[in-house]
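Reviewing the structure listed below.
The values are calculated or read from the model by the stated rules, or taken from the named source; none is laboratory data. All figures in this text were calculated on a predicted structure; none of them were measured in a lab. All Cβ positions, glycine included, derive from the backbone under ideal geometry; neighbour counts span all protein chains shown.
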Amino acid sequence: MANINLLPWRDVRREEQKRAFLSILGLVAAMAALLLLLGDRIVNGQIDNQNARNDYITQNIRELDKQVQEIKDLQRKRNQLIDRMRVIQELQGNRPIIVRVLDQLVRTVPDGVFYTSVSAVGPQLSINGVAESNNRVSSLMRRLDASDWLKDPNLDAVRAATTYGDQANTFDLTVQVDLPTNDNEGGG
């Protein structure tokens, strides 16, 4: 048999396979590092994009909070204006009522009676006056009770007033203002 030495060929082949393996291993490592770097860039890009979105949303939220505060201020001012308008309308609406009440006070006063003061607190009138006699005070109370605009006269005090005459009396009474319904308003 012939003596053939195949070992150097195998060693050369093994060295070539080892170099090919190492070059492929280096190529795979480089590709892995490149993919890792690319993945890191993509993830960092997405994080930056999300942070930019969050900043945009935060900025818009601040602007909307300012607008909400402005709306609340405007609503508060609107409510104040509505309250003022309501007060003005009530005053405008009560003006004819005050005239009617004063007219009723003049119409109900009998001869021999005069008022020294009239004051109003809400729907209640306090009347102070002087009468020639107790009968005149009674007549005044009956007329006040019969009025369409006044009700429930209540005599608080009657005192002798000799400065106005022998039988003269000063009186204090209260009466409630009663707004008539639309039916009675036309006849008053």
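Starting from segment 58-73, take each residue that is at negative phi and list its partners that are exposed (fewer than 10 other Cβ atoms within 10 Å of the Cβ), counting only C-beta distances under 6 angstrom and pairs at least six apart or across chains. The qualifying pairs do not exist here.
The residues of segment 156-167 that are at pLDDT 85 or above and surrounded by 13 or more Cβ atoms within 10 Å (Cβ to Cβ) amount to a single one, VAL158.
Take the residues in segment 165-179 that are touching a Phe, Trp or Tyr at 6+ places or on another chain (Cβ under 9 Å) and not aliphatic (A, V, I, L, M), then tell me which one is nearest to ARG95 (Cα to Cα).
Ranking the candidates gives ASP178 first.
Does segment 56-72 contain at least one residue that is surrounded by 10 or more Cβ atoms within 10 Å (Cβ to Cβ), more than 31 Å from the chain's Cα centre (by Cα) and either of a type in the set (Val, Ile, Thr) or not in a helix (DSSP H, G or I) (or both)? Looking through segment 56-72, none of the residues is surrounded by 10 or more Cβ atoms within 10 Å (Cβ to Cβ), more than 31 Å from the chain's Cα centre (by Cα) and either of a type in the set (Val, Ile, Thr) or not in a helix (DSSP H, G or I) (or both). Against the list (1) charged (D, E, K, R); (2) surrounded by 12 or more Cβ atoms within 10 Å (Cβ to Cβ); (3) closer than 30 Å to GLN167 by Cβ, the condition ASP148 fails is (3). Looking across GLY26, GLY39, GLY93, one residue alone is assigned to a helix (DSSP H, G or I), free of Cβ contacts under 8 Å to residues at least 12 places away in the same chain, of a type in the set (Gly, Ala, Ser) and exposed (fewer than 10 other Cβ atoms within 10 Å of the Cβ). It is GLY93. ARG84 meets each of the listed conditions (1) in contact with a Gly (Cβ under 9 Å, 6 or more places away or on another chain); (2) in a helix (DSSP H, G or I) apart from (1). Would you say LEU125 is in a strand (DSSP E or B), in contact with a strand residue (DSSP E or B) (Cβ under 9 Å, 6 or more places away or on another chain) and closer than 18 Å to LEU179 by Cα? Against the criterion (in a strand (DSSP E or B), in contact with a strand residue (DSSP E or B) (Cβ under 9 Å, 6 or more places away or on another chain) and closer than 18 Å to LEU179 by Cα), LEU125 qualifies. Residues in segment 96-122 that are touching a Phe, Trp or Tyr at 6+ places or on another chain (Cβ under 9 Å) and in a helix (DSSP H, G or I) were compared, and the one that is nearest to PHE171 (Cα to Cα) is LEU105.
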